[in-house]
Amino acid sequence: MPIENRRVHVRPRLARLAAGAPEPIADGVWVVRGGFPLKTMNVYFVRDGDGVLLFDAGISAMTDAVAAAGASLGGITRVVLGHGHADHRGVAPGLDGVPVFCHPDEVADAEGDGGDHYFDLSLLAPHGRFLLGSLLPVWDGGPVVVAGTVSEGDDVAGFSVVHLPGHAPGLIGLWRESDRLALVSDTFYTVDPQTGIHGHPRVPHRAFNWDTEVARASIRKLAALEPASAWAGHAHPLTGDVRARLERAAETT
Ligand SMILES: [Zn+2]
């Protein structure tokens, strides 16, 4: 049975400001876009029995909106973290009683500092250093308690887990062969974290990567799946010739 969410009726106006309503993007899959400043944080909902699971968990300010969206879709069964950074685990601690899962290589950071120990904000421009240094602690919901792990090839609500390390050691995507849909967290960026400007897909900014060269290889691994669409943790999906776009993204710095 899906677990009831307890925050559904709390501060609905604030919730609407922090995130939108769930938008259907594929059979049994929805996205809630939220966060500040630019509503570029994506939380995915995937049909999971009578309820929905969350893939990625946005920022803490999205908690009420995500809980309300989950309730409207039958209740949140579980949270699966694409990775454990502050802006991807944010709502998880506020969803009372909902179990959290991630890749084994991500457990320590999801339960710890959210990867902060390998971030290097000195690689950002001064304004970006100030902006991201200020926002990361506000975005974060804090450490989560991991109830279990999912690894390469595991079935999660009709999707297959794909390990795409680099940006984070245990970053995962969810892949559905039937419609070639990929939900991939921060495997690539299409928005500049320092300016909010959208552009072509590229390797995530080095300031936030566990290992940038490994991240590059993971983009190529994703490209080889030939997705029809690839939805990342931020901003808009990749469509069209996704393989070629990803192969070019892997070459970026
Ligand atoms: Zn990240």
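The values are calculated or read from the model by the stated rules, or taken from the named source; none is laboratory data. Just so you know, these numbers come straight off a predicted model, no measurement behind them. Note: ideal-geometry Cβ built from the backbone for every residue, glycine included; neighbour counts use all protein chains shown. Surface areas here come from the heavy atoms of the whole protein model, side chains and all, with no ligands, DNA or RNA. Shrake-Rupley method; radii C 1.70, N 1.55, O 1.52, S 1.80 Å.
Here are the numbers:
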item: Failed item in (1) crowded, with 19+ Cβ neighbours inside 10 Å; (2) more than 13 Å from the ligand (Cβ to nearest atom); (3) in a loop (DSSP other than H, G, I, E, B), with Gly196 passing the rest; result: (1)
item: Residue in segment 228-248 that is open to solvent by 20 Å² or more (accessible area, probe 1.4 Å), under 23 Å from Cys102 (Cβ atoms), in contact with a Leu (Cβ under 9 Å, 6 or more places away or on another chain) and basic (Lys, Arg) present; result: no
item: Single condition Ala235 does not satisfy, out of (1) modelled with pLDDT under 95; (2) closer than 19 Å to Ala26 by Cβ; (3) touching a Lys or Arg at 6+ places or on another chain (Cβ under 8 Å); result: (3)
item: Scan of segment 41-62 for residues that are open to solvent by 10 Å² or more (accessible area, probe 1.4 Å) and either within 19 Å of Phe101 (Cβ to Cβ) or not hydrophobic (A, V, I, L, M, F, W, C) (or both), ordered by number; result: Arg47, Asp48, Gly49, Asp50, Ser60
item: Selection from segment 152-174 of residues that are on the phi > 0 side of the Ramachandran plot and either more than 16 Å from the ligand (Cβ to nearest atom) or in contact with a Cys (Cβ under 9 Å, 6 or more places away or on another chain) (or both); result: Gly153, Ala157, Gly158
item: Residue among Arg216, Arg176, Arg202 that alone is open to solvent by 50 Å² or more (accessible area, probe 1.4 Å) and in contact (Cβ under 8 Å) with a residue 12 or more places away in the chain; result: Arg202
item: Test set (1) more than 11 Å from the ligand (Cβ to nearest atom); (2) of a type in the set (A, V, I, L, M, F, W, C); (3) under 26 Å from Phe101 (Cβ atoms); (4) open to solvent by 10 Å² or more (accessible area, probe 1.4 Å) - Trp210 fails condition number; result: (1)
item: Selection within segment 84-130 - in a helix (DSSP H, G or I), open to solvent by less than 40 Å² (accessible area, probe 1.4 Å) and touching a Lys or Arg at 6+ places or on another chain (Cβ under 8 Å); result: Gly94, Ala110
item: Residue identified as within 22 Å of Ile219 (Cα to Cα), touching a Gly at 6+ places or on another chain (Cβ under 7 Å) and in contact (Cβ under 8 Å) with a residue 60 or more places away in the chain among His103, His167, His163; result: His103
